[in-house]
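Before any comments, here is the structure.
The values are calculated or read from the model by the stated rules, or taken from the named source; none is laboratory data. In this text the structure is predicted, and so the values were computed from the model without any measurement. Methodologically, a virtual Cβ is constructed for each residue, glycine included, from the backbone with ideal geometry; neighbour enumeration extends over all protein chains shown.
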C-alpha cells in the first residue's frame with residue numbers, strides 16, 4: 001500500500017472515530033458531496049486513495065456526523081468534519097458550543113507511517129472558535145440531507161484555520177447507537 005494511501009486511510013479512520021463513535025450503519029450507501037473554502041482556498045473531498053465522504057445519523061441521540069477527506073496521493077491529506085446533536089430537522093446548529101455538543105474538525109496529515117514520518121495536526125471548534133451548520137434539508141424517509149457550514153478551529157498551540165462556504169448534499173446512513 002502506498003504511503004499516501006496509508007496516511008489518508010488513518011486520517012479518515014481517526015476522524016470518523018472521533019466524530020461518529022462506534023457505529024452499525026444501515027440504509028443507502030453514503031454518497032455525500034462535501035466542499036468548502038479553507039483559509040480562502042477551494043477545498044473538495046476526494047483525490048487519489050481518498051475514501052468516500054460519509055454521513056451517519058445516530059438515532060440513539062439524534063446526532064448527525066458528516067466528514068470527508070481530500071488526498072493528493074503523495075502522503076498529504078486534509079479532512080473536514082462536523083457532528084451536531086439533537087437534530088430534529090432543518091435548522092441552524094451551533095459548533096463549538098458545549099451546551100449543544102456540536103463540534104467542527106479539520107485534520108491535516110503528512111508523511112509515511114512506514115518511514116516513521118507521519119504527523120497529524122488537529123484543529124477543533126470551541127467557544128472561542130465557533131461555527132454553524134445550517135441543515136437545509138433532512139429527509140429521514142429518503143435518507144437525504146443538504147446544508148451549509150462554516151467554522152473557525154484551532155490547535156492546542158494556537159494554530160488556526162477558517163472554513164467558509166462549506167456545503168454538503170447526498171444520502172446518509174443511520175445507526176441505532178448513540179453518536180459521540
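Taking the condition of being free of Cβ contacts under 8 Å to residues at least 60 places away in the same chain and surrounded by fewer than 23 Cβ atoms within 10 Å (Cβ to Cβ), how many residues in the stretch 151-170 meet it?
Residues in the stretch 151-170 being free of Cβ contacts under 8 Å to residues at least 60 places away in the same chain and surrounded by fewer than 23 Cβ atoms within 10 Å (Cβ to Cβ): 8 in total.
Starting from the stretch 101-129, take each residue that is at positive phi and at pLDDT below 90 and list its partners that are assigned to a strand (DSSP E or B) and surrounded by fewer than 17 Cβ atoms within 10 Å (Cβ to Cβ), counting only C-beta distances under 6 angstrom and pairs at least six apart or across chains.
Every condition considered, the pairs that remain are 111/119.
Quick grid of which residues meet (1) in contact with a helix residue (DSSP H, G or I) (Cβ under 6 Å, 6 or more places away or on another chain); (2) assigned to a strand (DSSP E or B); (3) over 23 Å from residue 51 (Cα atoms):
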position: 93; (1), (2), (3): no, yes, yes
position: 106; (1), (2), (3): no, yes, no
position: 120; (1), (2), (3): no, yes, no
position: 126; (1), (2), (3): no, no, yes
position: 134; (1), (2), (3): no, yes, yes
position: 137; (1), (2), (3): no, yes, yes
position: 141; (1), (2), (3): no, no, yes
